[in-house]
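Contents: one structure, followed by commentary.
The values are calculated or read from the model by the stated rules, or taken from the named source; none is laboratory data. From a predicted model like this one, the values you see are computed outputs, not experimental measurements. Note that we place each Cβ from the backbone using ideal geometry, even for glycine, and neighbour counts take in every protein chain shown. Accessible surface is based on the protein model in full, side chains and every heavy atom, while ligands, DNA and RNA are left aside. Shrake-Rupley method; radii C 1.70, N 1.55, O 1.52, S 1.80 Å.
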Amino acid sequence: KRYWGGGMDDDKLSAYQTLYTCLETVAIMAAPVIPFFTDRIFTDLNSVSGKHNEGSVHLVAFPSYDKKLIDKALEERMEIAQKMSSMILALRRHVNIRVRQPLARIMVPASDRHFRKSFEAVKPLILAEVNVKEVEYVDDTSGLLIRKVKPNFKLLGPKFGKKMKEAGAAILALMQNEIAEFEKNGSLNLLLDGETHTITTAEVEIISEDIPGWLVANEGRLTVALDITVTEDLLHEGIAREFVNRIQNIRKESGFEVTDKIRVVIEDLPFVSAAVSKHSDYIASQTLALDVSLAPASAITGPAARETDIEEQMVRVLVEKVKG
């Protein structure tokens, strides 16, 4: 979206410059093992920018390490974005909810202020990637996320020896408030036979169980809960997104130019009519359609008419280029 439409503002220019730098750098680094493809990328880029005097990627100096460009805070934020996105997408696959189907919210435990600040910085990226509308932060997960602690016997065995069985039982019996405190402090004292033993979060596995209407994923210190309830409004929006995808495919198959304007007529079926009526402007804006309308199947004929599947049902769609 940063490349599409509008003037060349600072944000769009930054996007192009970042893409250029990445393509150029990867081409130079990969040149020894992908000689021809990288040379084509490099020469195509350089023919526009004139940045290098060399006529081939194989004559350019290899990129050098620049310590000033290392941003550990940015790397940490992007790691959160990548892992969170992967966890949420895995939850979607678990219940067969397509990514084009919007969902209402995710819930993220964020008692750590540093983590919350880092998450906020990449929140738009995560929500766009997983197609979820909102984030809810929770400080106390005891009433929302059911946590359990599993002992790592390999690590704790040498520490507890013959008392490992009792220690394991005590760890499994921890209450939700004790687990929350354990996570917050990073350590916990166990009292066994009058002796105090300290365990750390690195010596156990803290997992989350699903709660009604939600799916929960946990990876290391990251936990996220996904609201999997698909309301009627969300369903309609998902159907609209499916139509955008199908119409874009039809545009491509028909050999239309990216800038060609079109008109779209969709078969008036009960399960799609409300979605199309409600989101016709969105469908039009995403597909460069001047008009999106509904009509009976008998009116959708000719070489431009196609059949496509929406929600596992066949729907007739007409996509015509508008001349002029």
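Structure values in brief
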quantity: For residue 3, solvent-accessible area (1.4 Å; no DNA, RNA or ligand), Å²; calculated: 100
quantity: Entries in 12/51; 83/117; 83/123; 1/83; 148/184 that, when Cα-Cα distance is taken, lie over 18 Å; calculated: 12/51; 1/83
quantity: Shape of the chain, Cα gyration tensor, a/c cut at 1.5; calculated: oblate
quantity: Whole-percent carbon and sulfur share, accessible surface of the chain, 1.4 Å; calculated: 53
quantity: Accessible-area order (highest first, 1.4 angstrom probe) of the listed residues 94, 279; calculated: 94, 279
quantity: For the chain, with +1 on Lys and Arg beta carbons and -1 on Asp and Glu, the positive-most of 97, 52, 220 along the dipole; calculated: 52
quantity: Prolate/oblate/rounded call for region 54-170, Cα gyration tensor, a/c under 1.5 rounded; calculated: oblate
quantity: Residue 115 accessible area, 1.4 Å probe, all protein chains in place, Å² to nearest 10; calculated: 40
quantity: In region 1-84, GluC sites (Glu not before Pro) in a DSSP loop with at most 13 other beta-carbon atoms within 10 Å; calculated: 54
quantity: Among 107, 157, 122 the positive-end extreme of the charge dipole of region 95-163 (Cβ point charges); calculated: 157
quantity: Gaussian network model of the chain, Cα within-10 Å springs - most flexible of 11, 227, 139; calculated: 11
quantity: Most fluctuating residue given options 284, 30, 202, as computed from a GNM of the chain linking Cα atoms under 10 Å; calculated: 30
quantity: Within straight-line cross-link reach of residue 162, aspartates and glutamates at Cα separation under 13 Å, skipping those fewer than 8 residues along the same chain; calculated: 193
quantity: Sorted peptide list for 149-157, 215-223, criterion being average Cβ within 10 angstrom, highest first; calculated: 215-223, 149-157
quantity: Two-decimal ratio, region 237-324, of alpha-carbon radius of gyration to 2.2 N^0.38 Å; calculated: 0.97
quantity: Accessible area of residue 207 in the full protein assembly, 1.4 Å probe (Å², nearest 10); calculated: 50
quantity: Candidates 314, 107, 84, ranked by Gaussian network fluctuation over the chain, Cα under 10 Å, top entry; calculated: 314
quantity: Label-to-label distance, nm, for residues given as residue 299 and residue 78 (7 Å Cα→Cβ offset); calculated: 5.1
quantity: For region 1-61 and region 156-185, distance of Cα centres in Å; calculated: 54
quantity: MRE, 222 nm, helices only [DSSP H, n ≥ 4, -39500 (n - 2.57), over the chain, to nearest 500]; calculated: -14500 deg cm²/dmol
